[in-house]
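I have placed the structure first, in the form of structure tokens, so that the comments after it can refer back to it.
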Amino acid sequence: MVARMPLRLAFVSMHTSPADLPGAGDAGGMNVVERAQAEALAARGHTVEMITRRSNPDVPEVIELAPGVTLRHLTAGPTEPLAKSRIDAYIPEFEAGLATLGPYDLVHSHHWMSGVAALPVARAWGVPHVQSFHSVAALPGLSLSYGEPPESAARVPGERLVAQESDAIVAISAAEARTVVERCGADPDAVCIVRPGVEQDVFRPLDDSEEPWRPDGVAVADWPRGYVLFAARLQPLKAPDLAIRALCCLEPGIRPKLVIAGDASADFASYVSELRALVSERGLTEDVIFLGPTPRSKLAPMMRGAELLLVPSYSETFGLVALEANASGTPVVASASGGLREAIVHGETGQLMDSREPYDWGRALTLLLTNDRLRCRQGMVARIHARQFDWDATAHALEGIYLGLIGDK
């Protein structure tokens, strides 16, 4: 469907480069949401320019990602990958570069740093500013074992600034909407929930003619109990250690392989070594496979071939990876936290876990792995559930927000 009024939009994402997609290591991460939103909006007749910080001196200044979607790199700080915790030092440089661009009909910032840089530029241009957070700073005093490095001193005031001064806040779930109101002081009337979509042609069930995915050189018969999948960036917040500890609680006779797809970011450079040490300590060296960064083109067949997807994160604004697994006909065992309570229908498309005890996770895995009928039923319902999440519907909702704001100007 074509838009009523084609718009020229700026998607500002200072610390994540959609040029890395689909090969980003953060399987199902928010880069995916930003790019999918941009492409769906372009399909409705809009023009979207995705603007990010240059982290590679060799990439072109402008790249066409899809018809109507371009990626523009701005130099702000070193032209190399930086830990997320270091990037906010270059907000002023990024803001200055952004101010040389345009004109745009509206600016939509993704993540707090982008909003701090883009909000004053949008005001100078006289156009609306929309903010998406994707994650919000941990509460003061929260144990760092929950996965966050020490917060930048600028993050909390920056989040409050963009939450309170932007023309609209787009949340991906009710859980995120509550967080930006209660923790950041956003006006509830300015907050809109726009759910993500799923690429139904990419994330689909296993065909009768297909064999389940296995690593190169491994036959299906070599893994008679199949595998369960963990797909996320490797950092304490995502809790891959809990997936490993849960696997250890399974009886050897029913224990599948655990495939870990993802890599650590610069903020957690040593974390993979810690996970490997845990695997060795628990005697699981033959049962856990670390794949490293995994392109989405390879993640999709892994999803449809898995017995289960594990999402033990301490917090997720939504958990798109869980929805992609459901579209693949794969049930999910996940923490009952954040937006995962909205992505997964407990007992129907997977299991939500209130406990973080490995033994309890092991019991949940045992139930599903030893009951083929239950697992297949949940996989069937999961596919039906996932079909309601459509990127064109996402774009239609964003379009309505944008046009409403532009009409108010």
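The values are calculated or read from the model by the stated rules, or taken from the named source; none is laboratory data. Since this is a predicted model, take the numbers as computed values, not measurements. So basically every Cβ, Gly included, is an ideal-geometry build from the backbone, and we count neighbours across all protein chains shown.
Numerical summary
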quantity: Residue list for region 217-230, restricted to those being closer than 14 Å to LEU299 by Cα and without any contact (Cβ under 8 Å) to a residue 24 or more places away in the chain; calculated: none
quantity: Test: residue in region 155-177 that is part of a loop (DSSP other than H, G, I, E, B), surrounded by 24 or more Cβ atoms within 10 Å (Cβ to Cβ) and either modelled with pLDDT of 95 or more or out of contact with any helix residue (DSSP H, G or I) (no Cβ under 6 Å at 6 or more places or on another chain) (or both); calculated: yes
quantity: Unique match (being free of Cβ contacts under 8 Å to residues at least 40 places away in the same chain and within 18 Å of GLU307 (Cα to Cα)) among ILE254, ILE260, ILE244; calculated: ILE260
quantity: Matching option when the condition is without any contact (Cβ under 8 Å) to a residue 40 or more places away in the chain, in the same structural domain as PRO312 (by TED's automatic domain parsing) and surrounded by 23 or more Cβ atoms within 10 Å (Cβ to Cβ), among LEU340, LEU365; calculated: LEU340
quantity: Number of positions in region 345-403 that are over 20 Å from ALA327 (Cβ atoms) and hydrophobic (A, V, I, L, M, F, W, C); calculated: 9
quantity: Number of the exception - ALA261 against (1) surrounded by 19 or more Cβ atoms within 10 Å (Cβ to Cβ); (2) touching an Asp or Glu at 6+ places or on another chain (Cβ under 9 Å); calculated: (2)
quantity: Enumerated helices (runs of 4 or more DSSP H) restricted to region 273-383, each holding at least 3 residues that are within 25 Å of ASP263 (Cα to Cα) and touching a helix residue (DSSP H, G or I) at 6+ places or on another chain (Cβ under 9 Å); calculated: 296-305, 320-327, 358-369
quantity: Some residue of region 267-284 being closer than 22 Å to ALA386 by Cβ and touching a residue at least 24 places away in the same chain (Cβ under 8 Å); calculated: no
quantity: Total residues in region 384-406, condition in a helix (DSSP H, G or I) and without any contact (Cβ under 8 Å) to a residue 40 or more places away in the chain; calculated: 3
